[in-house]
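Here the structure comes first, spelled out in structure tokens, and everything after it is commentary.
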Amino acid sequence: MENALTGQIAIVTGASSGIGAGVAKALAAAGATVVVNHPVPATRDAAESVLAEIRSAGGSGTTCLCDVSKEPEVQKMFADVIAQYGTVDILINNAGLQRDAPFQDMTLEQWNYVLGVNLTGQFLCAREAIREFLRRGVVPSRSKAAGKIICMSSVHEVIPWAGHANYAASKGGIMLMMKSIAQEFAPKKIRINSIAPGAIKTPINHSAWDTPAAEAKLLELIPYGRVGVVEDIGKAAVWLASDDSDYVVGTTLFVDGGMTLYPGFSTNG
Ligand code: NAD
């Protein structure tokens, strides 16, 4: 997939750590110029070090401070990127977080915060990307599509998750937002899909794999027998953003080692 994305501009939200950082590096290695988005001044150094790794591997890009849940900041990010690079070809809607609580104790603030970043943030970024894709249209020397959006969902778009109702609701919401806009904009040659990671080793789920006992318990949920790494998602994102997946529209690609295969039923039921 080397050079699959040469000449294209990609915005990756929440790219200063974890899956976003992995996807940013993978897209850059495939030739894209990558905008490494991060949310607050405190994440700037981490974003700069992702960009430094991209550059030292021969790639190019920039960093961009923007809280994806804030409309004016999202509009400014897209305006700045378009002013600097002329357009945007790929949006990786990756920024996401958890604020877990038993449902009876969940505060409205915890609910709104998770929905605000995970779902409203994806809406705001997708809307700006689509406005630019509609303005530019298809340029065959760039890609067969007018633009590509990849929504970072989760296996929890289909697997219920007790104690995480806000997170699961945000991911279920992403599923139908993604499919609805994929249907709406396919005639304009805009391809919109999701990646649903299973358990990937990142800061978001550190406690689920940072001791051998925790990892062994997690592996009971993963038929393929290993916890995922960010490179697993990076490779999937490069393919979904490239013309190699040109006929893939409005689908969720589960990258989960079989977590959605109901492993509990392999010996029961
Ligand atoms: P992470 O915590 O390393 O990454 C989340 C990123 O989002 C961070 O870089 C954070 O700074 C950024 N972010 C948070 N709020 C933001 C905001 N308002 N604006 C912009 N950026 C913001 O965790 P991760 O595992 O890499 O998560 C990335 C995505 O993958 C999330 O959407 C998450 O739900 C999803 N996911 C992760 C896993 C997993 O196992 N790690 C599984 C399924 C889905």
### Single condition Ile222 does not satisfy, out of (1) free of Cβ contacts under 8 Å to residues at least 12 places away in the same chain; (2) within 16 Å of the ligand (Cβ to nearest atom); (3) closer than 21 Å to Thr267 by Cβ
(1)
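Here's the yes/no breakdown for (1) in contact (Cβ under 8 Å) with a residue 60 or more places away in the chain; (2) aromatic (Phe, Trp, Tyr):
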{"site": "Phe123", "(1), (2)": "no, yes"}
{"site": "Glu132", "(1), (2)": "no, no"}
{"site": "Val138", "(1), (2)": "no, no"}
{"site": "Asn166", "(1), (2)": "yes, no"}
### Message
Restricting to the stretch 140-155, name every residue that is free of Cβ contacts under 8 Å to residues at least 60 places away in the same chain and either crowded, with 24+ Cβ neighbours inside 10 Å or closer than 21 Å to Val12 by Cα (or both).
### Response
Ala146, Gly147, Ile149, Cys151, Ser154
### Message
Which residue is surrounded by the most Cβ atoms within 10 Å (Cβ to Cβ), if the candidates are limited to the stretch 2-13 and must be within 13 Å of the ligand (Cβ to nearest atom) and not hydroxyl-bearing (Ser, Thr, Tyr)?
### Response
Val12
### Query
Restricting attention to the stretch 168-187, does a residue exist that is within 16 Å of the ligand (Cβ to nearest atom), polar (S, T, N, Q), surrounded by 14 or more Cβ atoms within 10 Å (Cβ to Cβ) and within 26 Å of Val81 (Cα to Cα)?
no
### Query
Within the group Gln104, Gln98, which residue is polar (S, T, N, Q) and under 15 Å from Lys171 (Cα atoms)?
Gln98
### Query
Are any residues in the stretch 5-28 of a type in the set (Gly, Ala, Ser) and in contact with a strand residue (DSSP E or B) (Cβ under 7 Å, 6 or more places away or on another chain), and if so, which ones?
Ala10, Gly14, Ala15, Ser16, Gly20, Ala24, Ala28
### Query
Somewhere in the stretch 207-219, is a residue outside any loop (DSSP other than H, G, I, E, B) and touching a residue at least 60 places away in the same chain (Cβ under 8 Å)?
no
### Query
If you scan the stretch 91-142, which residues turn out to be away from the ligand (no atom under 16 Å from the Cβ) and hydrophobic (A, V, I, L, M, F, W, C)?
Ala101, Phe103, Met106, Leu108, Ile130, Phe133, Leu134, Val138, Val139
### Task
Return the residue satisfying two criteria in turn: it lies in the stretch 14-29 and is over 11 Å from the mean Cα position of the chain (by Cα), among the aliphatic types (A, V, I, L, M) and surrounded by 24 or more Cβ atoms within 10 Å (Cβ to Cβ), and of such residues it is nearest to the ligand (Cβ to nearest atom).
Ala26
### Query
Only one residue in Gly86, Gly59 is away from the ligand (no atom under 14 Å from the Cβ) and within 28 Å of Gly198 (Cβ to Cβ). Which one?
Gly59
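Here, each number is a calculation from the coordinates, and none is a lab measurement. From a predicted model like this one, the values you see are computed outputs, not experimental measurements. Neighbour counts run over all protein chains shown; Cβ positions are idealised from the backbone, glycine included.
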